[in-house]
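What follows is a set of notes on a single structure, which appears directly below.
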């Protein structure tokens, strides 16, 4: 405690927490002649007054008034004492505005309970009426840290505040160790669940908050660690380290590689986070469910291993030793499930206990116990398949084996786990490793009682991921979020849509008036707008375009209806359709409604009355002919050559948009298939198309393509 000081006027000793006094005795100053009575001296600035000393009646009246008011005062005092002794003395406290650098703790906190609060404690607590701290010290948000509070760091961390908090904590710990607050009618500054049960705990909370928040940043341009962590890593390093949200920010910062420069503030944050795990208290930032200790360790380890090796390994070793000694961690913890699906989606099935790995390994062991299978035997094929499958699921950088409920969860709006599940890195690895599982695709392997169910489950997981992560053929936009926005998340699981599920959305669109701001869609010219005066209209146009692109007219929905630009994909859309003509009619309605409202990405329509000929009219009215390049060059073979009539324009297209003409071509094939004459139909249509193509195309000597577009005068 600080030494006592004295009031110069009264020589009364003051504690360091005595309130400021402005009522000191001035009699000593008067005796020294420091003051002068100027009340009756007009020239001295006073106000002159007449006396009534010569008026006996006046003095009598004054005496009566004095006696009367004294009587009233005594009576009021007696009534007040009576009321205090008989009434309920409970006081309801409301929020109090703190005065910075002079915080009155007794005013802000609940009243002390009658029991367990001796007079010495009450006196000590009442003395904390002018603490030299900023009001923000009371803010519980410091414990989690928020960007808005950083501006108050210099105020919170003034040296005088910490000094007085230390002294106050020592005083209250000594005098009020058993005292508690009476929170029954409290409605003040604090949430009583987090402010402490009594004054001793309350002061300890404030002191810890000040100590953690005001840690100095060493060897950096920042004054405090909290400021450095926010500016450098976007990590809000409050006293509460049960949140794992900062780990992803840390891994993303600085390029995400190893050999980071992790200074004392960063290492301190990693150590605190690593040692903070308690059952059910640390939540997954992905799924918001409690994480196991093995998952917690793996998450922090992944971040810590990017720092300098010596410093991190000491922190890591101390934590593992502590968790093991207290019985929280099994010595073989790395063989336990690595974490929930939020972790495995991003990191893969790294533990032997993750996903289908235990089942695959058990099946492999069941074959191995019977001895090494003889070469080329069915059992040998099964052994090779299981070995390849085990390696595949163990080494993929992602987890594709999610349940339906888990997939429903990641499809929720703005769930970042969806992007992790569908990331390109995972897709590329799955494609690259396709040949690794050729041993599982040998004849009758799917019927093997041991291997069949496991390999089938893997292939179904791949297919399910392919469906959920699909994008339009010519757009890098995931379809699942659009389906969710349309309140049909189930469409993400199905590559075929029914008319009954689409009809309500199309009907709603058709009932809406066509906006005058729709761009040229049905042969109309878009309005000419000024960049400045028509700025609001530009915003309206942008909003209308976005609504069209992400609604029923989106490429995602359209390609599910008509295919993604191949006749085979259009046939897939028609699978299970009983009335092909009704389906085609619905697609025509959808095309007209969407193009009228500005959708110019729906491909073209068959043109000229002969659907077998690939003659197409685009939304803008232009007519073109398509032919497939049959060049012997691997890079050119199979691409589309598109020539626009009445022009010399010829384009090479590696793909075409899903369109009505693809769907009609598929519809003709489906009908022929139902009639049992598909082979004959295809041959006749192909022959007819070749005859018509010969009138406008010819084999040429061009280096990059095998077909040339004839000039109009050379056509038959």
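Here are the criteria: (1) modelled with pLDDT of 95 or more; (2) in contact with a helix residue (DSSP H, G or I) (Cβ under 8 Å, 6 or more places away or on another chain); (3) in a loop (DSSP other than H, G, I, E, B). Tell me which single one residue 327 does not satisfy.
(2)
Restricting the search to region 641-659, which residues are farther than 12 Å from residue 708 by Cα and either in contact with a strand residue (DSSP E or B) (Cβ under 8 Å, 6 or more places away or on another chain) or surrounded by 17 or more Cβ atoms within 10 Å (Cβ to Cβ) (or both)?
Of the residues in region 641-659, the ones farther than 12 Å from residue 708 by Cα are 644-647, 653-659.
Residues satisfying the conditions are 644, 645, 646, 653, 654, 655, 656, 657, 658, 659.
From the list 636, 677, 646, which residue is modelled with pLDDT under 90 and more than 20 Å from residue 474 (Cα to Cα)?
Details: 636 fails: more than 20 Å from residue 474 (Cα to Cα); 677 fails: modelled with pLDDT under 90.
Sole residue among the options that is modelled with pLDDT under 90 and more than 20 Å from residue 474 (Cα to Cα): 646.
Looking at region 125-140, is at least one residue in contact (Cβ under 8 Å) with a residue 12 or more places away in the chain, outside any helix (DSSP H, G or I) and on the phi > 0 side of the Ramachandran plot? It would help to see each step written out before you state the result.
Narrowing region 125-140 to residues in contact (Cβ under 8 Å) with a residue 12 or more places away in the chain: 125-138, 140.
From what's left, outside any helix (DSSP H, G or I): 127-134.
With on the phi > 0 side of the Ramachandran plot added as a condition, the list becomes none.
No.
Please enumerate the residues belonging to region 474-495 that are under 22 Å from residue 461 (Cα atoms) and part of a loop (DSSP other than H, G, I, E, B).
477, 478, 479, 488, 494, 495
Does region 337-352 hold any residues that are buried (at least 21 other Cβ atoms within 10 Å of the Cβ) and touching a helix residue (DSSP H, G or I) at 6+ places or on another chain (Cβ under 8 Å), and which are they?
First pass over region 337-352, keeping only residues buried (at least 21 other Cβ atoms within 10 Å of the Cβ): 338-339, 341-346, 348-349, 351.
Within region 337-352, 338, 339, 341, 342, 343, 345, 346, 348, 349, 351 qualify.
What are the residues in region 141-159 that are at pLDDT below 85 and not in a helix (DSSP H, G or I), if any?
144, 145, 146
Name the residue, out of 175, 170, that is surrounded by 15 or more Cβ atoms within 10 Å (Cβ to Cβ) and at pLDDT 85 or above.
Only one candidate qualifies: 175.
Yes/no per residue for (1) under 29 Å from the mean Cα position of the chain (by Cα); (2) surrounded by fewer than 21 Cβ atoms within 10 Å (Cβ to Cβ):
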{"position": "208", "(1), (2)": "no, yes"}
{"position": "213", "(1), (2)": "yes, no"}
{"position": "218", "(1), (2)": "no, yes"}
{"position": "221", "(1), (2)": "no, yes"}
{"position": "228", "(1), (2)": "yes, no"}
{"position": "235", "(1), (2)": "yes, no"}
{"position": "240", "(1), (2)": "yes, yes"}
{"position": "245", "(1), (2)": "yes, yes"}
{"position": "249", "(1), (2)": "yes, yes"}
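Under the condition of being within 22 Å of residue 193 (Cβ to Cβ) and either touching a helix residue (DSSP H, G or I) at 6+ places or on another chain (Cβ under 8 Å) or in contact (Cβ under 8 Å) with a residue 12 or more places away in the chain (or both), which residue from region 115-124 is surrounded by the fewest Cβ atoms within 10 Å (Cβ to Cβ)? Spell out the reasoning first.
Within region 115-124, the subset within 22 Å of residue 193 (Cβ to Cβ) is 115-117.
Those left that are additionally either touching a helix residue (DSSP H, G or I) at 6+ places or on another chain (Cβ under 8 Å) or in contact (Cβ under 8 Å) with a residue 12 or more places away in the chain (or both): 116-117.
Working: 116: 13, 117: 21.
In this case the residue turns out to be 116.
Given the criteria at pLDDT below 95 and surrounded by fewer than 13 Cβ atoms within 10 Å (Cβ to Cβ), does residue 257 qualify?
It is true that residue 257 is at pLDDT below 95 and surrounded by fewer than 13 Cβ atoms within 10 Å (Cβ to Cβ).
Does residue 428 satisfy the criteria of being in a helix (DSSP H, G or I) and exposed (fewer than 13 other Cβ atoms within 10 Å of the Cβ)? It would help to see each step written out before you state the result.
Values: in a helix (DSSP H, G or I): yes; exposed (fewer than 13 other Cβ atoms within 10 Å of the Cβ): yes.
When the stated conditions are applied, residue 428 passes them.
How many residues does region 550-585 hold that are closer than 16 Å to residue 503 by Cβ and not in a helix (DSSP H, G or I)?
6
Need the failing condition index for residue 635 against (1) over 14 Å from residue 613 (Cα atoms); (2) surrounded by 13 or more Cβ atoms within 10 Å (Cβ to Cβ), just the number.
(2)
When you go through 104, 143 one by one, which is the residue that is surrounded by 15 or more Cβ atoms within 10 Å (Cβ to Cβ), within 21 Å of residue 210 (Cα to Cα) and within 35 Å of the chain's Cα centre (by Cα)?
Numbers: 104 fails: within 35 Å of the chain's Cα centre (by Cα).
None of the other options fit; the residue is 143.
Just give me the residues in region 612-624 being modelled with pLDDT under 90 and either surrounded by 16 or more Cβ atoms within 10 Å (Cβ to Cβ) or not in a loop (DSSP other than H, G, I, E, B) (or both), in sequence order.
Correct list: 618, 619.
Residue 559 - would you say it is modelled with pLDDT of 90 or more, under 40 Å from the mean Cα position of the chain (by Cα) and buried (at least 16 other Cβ atoms within 10 Å of the Cβ)? Step through it out loud before you land on a result.
Details: modelled with pLDDT of 90 or more: yes; under 40 Å from the mean Cα position of the chain (by Cα): yes; buried (at least 16 other Cβ atoms within 10 Å of the Cβ): yes.
Yes; evaluated as a whole, the condition is true for this residue.
What's the number of the condition residue 334 fails, among (1) exposed (fewer than 15 other Cβ atoms within 10 Å of the Cβ); (2) assigned to a loop (DSSP other than H, G, I, E, B)?
Looking at each condition in turn, residue 334 falls short on (2).
The values are calculated or read from the model by the stated rules, or taken from the named source; none is laboratory data. Note that the coordinates shown come from a computational prediction; the quantities given were computed from them, not determined experimentally. Every residue, glycine as well, gets a Cβ built from its backbone with ideal geometry; the counts of neighbours run over all protein chains shown.
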